[in-house]
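Participant: Pasting in a structure now, in structure tokens, and then I'll have a few things to ask.
Since every read-out is calculated from the coordinates, none of them should be taken as a lab result. Treat the numbers as computed from the prediction; the structure is a model and nothing was measured. Glycine gets a Cβ as well: all are built from the backbone with ideal geometry, and neighbour counts include every protein chain shown.
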Ligand SMILES: Cc1ncc(C[n+]2csc(CCOP(=O)(O)OP(=O)(O)O)c2C)c(N)n1
Ligand SMILES: [Mg+2]
């Protein structure tokens with residue numbers, strides 16, 4: 001091993017008492033037996049997939065010792081022992097997740113929505129309000145993509161820095177005790193090859209945040225050994241340039257073996273103290289770990305590990321080594337350890353059975369209800385044979401799941417289509433009942449259900465007086481941010497060039513000087529971790545605005561937004577929220593990478609977030625206010641070409657709101673409705689003016705938000721009047737214009753009101769070419785909109801509107 005690091009030790013003062021060591025042994029073997037039995041459950045067909053924490057037990061027990069109330073974890077699927085050691089997971093809950101028990105009382109991390117090995121604590125009360133996070137052990141909700149736990153880890157740690165350094169946050173005692181909380185991360189050795197790992201490590205070193213990141217190194221990432229993952233085959237060795245020294249800040253890097261109980265306890269204790277006290281990031285490379293059962297239930301490691309390696313893993317198994325240590329240190333004899341182990345094993349078995357009985361019991365009851373309903377309905381119906389067959393098949397299903405009962409009922413209802421309501425009424429009622437229950441089990445919580453849902457924020461119109469003068473759009477945002485920084489201590493903003501110059505379009509100009517670096521901050525060029533910084537701080541009760549300089553660069557952060565933020569409320573079934581606002585600017589300006597409008601991409605990947613597309617900065621400021629009064633995560637796409645356009649300064653900035661999901665009619669018309677948003681509003685309004693001159697009356701609607709989409713039915717109402725509609729934007733064809741059409745067709749039943757085929761206007765399928773002509777030939781112009789509308793009218797009345 002190239003680096004061995006020493007950390008302060010005090011041999012005369014025992015780190016851990018005898019009782020604690022024996023308890024640690026109990027936790028370790030409990031966890032191990034949970035892994036062993038978990039794998040068997042999958043092979044018996046009682047669960048679909050399993051991934052376990054065997055081989056990583058000892059380090060996690062050490063980490064749990066250093067983890068304090070108020071701290072946060074952001075880790076991955078191997079961390080069951082840590083969660084068990086903290087008491088934040090019971091073996092029964094562990095198995096409930098393995099079986100996918102769709103009930104938060106049985107499976108509090110995700111209500112059965114996530115595969116096993118995805119851990120989370122619940123930060124929210126049932127009504128969506130925050131709990132006191134300083135009184136609990138906290139674990140951010142895990143996600144599966146490797147290394148994606150890293151960016152939000154940075155944010156969780158950054159929050160401590162803000163809580164410690166920003167005195168204005170003392171008014172929020174339920175989220176922090178003077179920034180003493182450490183954010184603890186875990187990651188597998190192979191996953192450190194991901195870019196977001198390096199981005200997070202670098203940012204942590206720059207920002208000096210209290211984060212302890214542990215690498216569980218078992219030499220493999222599924223079948224691929226370290227030599228294919230990591231330069232020099234050792235992550236701590238390659239990271240040595242980050243090591244802090246007397247003259248330079250950086251990261252404290254420790255290395256310790258996964259079977260070395262004392263070494264682990266010392267390393268984690270030291271790391272925790274350093275991070276907590278001095279806000280220094282620490283990396284602990286825990287190597288020589290094993291995987292007794294291989295990677296997961298999907299395959300066996302005998303296929304790719306040599307006999308020699310497999311033998312080594314047996315010899316260096318951390319629990320075996322722990323046992324040797326306990327015996328050689330004279331703490332306990334073999335018999336005592338055997339006794340502990342057999343008790344632990346029996347306990348795991350008991351809890352596993354309890355989990356299975358509660359999970360399968362519920363389903364068995366549903367199945368029995370359906371079998372008897374099918375039989376009793378069959379007796380009365382003309383389709384007796386079919387129904388009795390369905391009942392028979394269902395009653396014989398081994399390990400039935402909920403779907404088996406529901407699908408039998410749906411098939412029965414189809415078979416009974418000609419039977420009377422009296423015959424099939426009971427089956428129908430059962431199905432309707434279950435539909436509501438299953439919606440709650442599997443589909444709820446994509447958006448907030450709380451009193452702070454965006455739809456519940458009171459609409460307050462902007463006001464103006466005779467002194468309201470025309471200013472650049474960016475000045476409206478600047479005044480809004482100024483007001484909000486003054487009045488809302490939770491609010492802060494960061495991003496590339498946001499701090500000193502107040503963003504590239506100067507909506508924060510002068511505000512860092514006025515409110516300090518904790519409120520308006522520059523970051524490195526690292527979109528992925530800018531998003532993570534936002535998610536982590538929002539998870540801890542703050543209200544960050546994370547800026548992505550141009551919409552086109554959102555792609556770097558999109559994975560975090562999609563996998564983590566957008567799915568957070570859903571995948572925890574209301575257990576966690578992170579009301580982050582992502583601020584960016586897009587639509588038309590200049591060239592391939594500064595004028596994108598990939599709204600379809602956003603819509604497809606960010607369900608669970610609010611998507612605001614304001615046409616100007618007045619609307620944007622009102623939307624920001626609505627979002628800050630709500631508890632939902634959002635993305636705000638400001639118009640890139642709008643910062644210097646003149647708008648009238650409202651008198652109630654920081655107070656007025658914009659109702660989200662409520663389109664605004666910008667121009668009344670009779671012949672045709674054009675629905676649009678963002679920078680296209682002005683283009684469509686200009687086209688409407690041109691069309692008015694030739695006698696075509698166009699109603700122009702700005703949707704304002706794409707998610708939620710027209711929850712007020714404004715567009716359908718307009719189409720009932722005009723009977724014609726075009727959806728226009730500057731995304732690619734089939735992007736957000738197609739989304740708007742689908743929404744109005746499916747949700748507002750407009751088909752019967754249409755006299756013309758509904759149409760879309762979009763940009764060319766390629767990226768926009770550079771400069772004014774590039775824009776004209778790439779993006780929809782006033783001419784394009786006018787002609788498309790005219791052609792629609794020509795088809796309706798060729799005499800009045802001849803071919804042009
Ligand atoms: C982004 C992404 N790529 C690939 C995978 C599939 N995958 C799951 S675990 C894994 C190996 C991870 O190995 P390591 O980080 O060493 O953790 P270990 O499982 O060994 O503890 C891979 C490739 C994934 N989950 N996410
Ligand atoms: Mg590994």
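Participant: What is the distance in Å between the Cα centroid of region 756-784 and that of region 36-106?
Facilitator: With region 756-784 and region 36-106 each reduced to a Cα centre, they are spaced 52 Å.
Participant: Which of the peptides 430-443, 243-256 is most tightly packed, and how do the rest follow, judged by the mean count of other Cβ atoms within 10 Å per residue?
Facilitator: 243-256, 430-443
Participant: Rounded to the nearest Å, what's the spacing between the alpha carbon centres of region 348-363 and region 647-690? Just the number, please.
Facilitator: The two parts, judged by their Cα centres, are 56 Å apart.
Participant: Next up: I need 171, 592 ordered by Cβ neighbour count within 10 Å, fewest first.
Facilitator: Least crowded to most crowded, the residues run 171, 592.
Participant: Quick one: order 558, 589 by neighbouring beta-carbon count within 10 Å, fewest to most.
Facilitator: Ordered from fewest to most neighbouring Cβ atoms within 10 Å, 558, 589 come out as 589, 558.
Participant: What ranking do 741, 660 get, fewest neighbouring Cβ atoms within 10 angstrom at the top?
Facilitator: Fewest to most other Cβ atoms nearby, the residues stand as 741, 660.
Participant: What's the ranking of 226-232, 530-536 by average number of surrounding C-beta atoms within 10 Å, highest first?
Facilitator: In decreasing order of mean packing, 226-232, 530-536 become 530-536, 226-232.
Participant: Any idea what angle helix 421-442 forms with the longest principal axis of the chain, computed on alpha-carbon atoms, 0 to 90 degrees, nearest 10?
Facilitator: 70 degrees
Participant: Taking the Cα atoms only, what angle lies between the long axis of helix 318-328 and the longest principal axis of the chain, rounded to 10 degrees?
Facilitator: 30 degrees
Participant: Please work out whether the chain counts as rounded, prolate or oblate from its C-alpha gyration tensor, where a ≥ b ≥ c are the square roots of the eigenvalues and a/c under 1.5 means rounded, while otherwise a/b larger than b/c means prolate and anything else oblate?
Facilitator: Oblate, since a/c reaches 1.5 and b/c is not below a/b.
Participant: A further question on this structure: For helix 195-207, what angle does its Cα long axis make with the longest principal axis of the chain, in degrees from 0 to 90 and rounded to 10?
Facilitator: Tilt relative to the chain: about 90 degrees.
Participant: Determine the distance separating the Cα centre of region 311-330 from the Cα centre of region 575-603; give it in Å without decimals.
Facilitator: 53 Å
Participant: Also, I was wondering about something else. Work out how far the C-alpha atoms of region 263-356 reach from end to end along every principal axis, then list the three figures in whole Å, largest first.
Facilitator: 45, 37, 35
Participant: Then there is this: Any idea what diffusion coefficient region 648-712 gets from Stokes-Einstein, in µm²/s, Kirkwood Rh on alpha carbon pairs, 20 °C, 1.002 mPa s?
Facilitator: 165 µm²/s
Participant: To continue, here is another question. Take peptides 616-625, 65-74 and line them up by average Cβ neighbours within 10 Å, highest first, as a rough protection proxy.
Facilitator: So the peptides 616-625, 65-74, ranked by packing, come out 616-625, 65-74.
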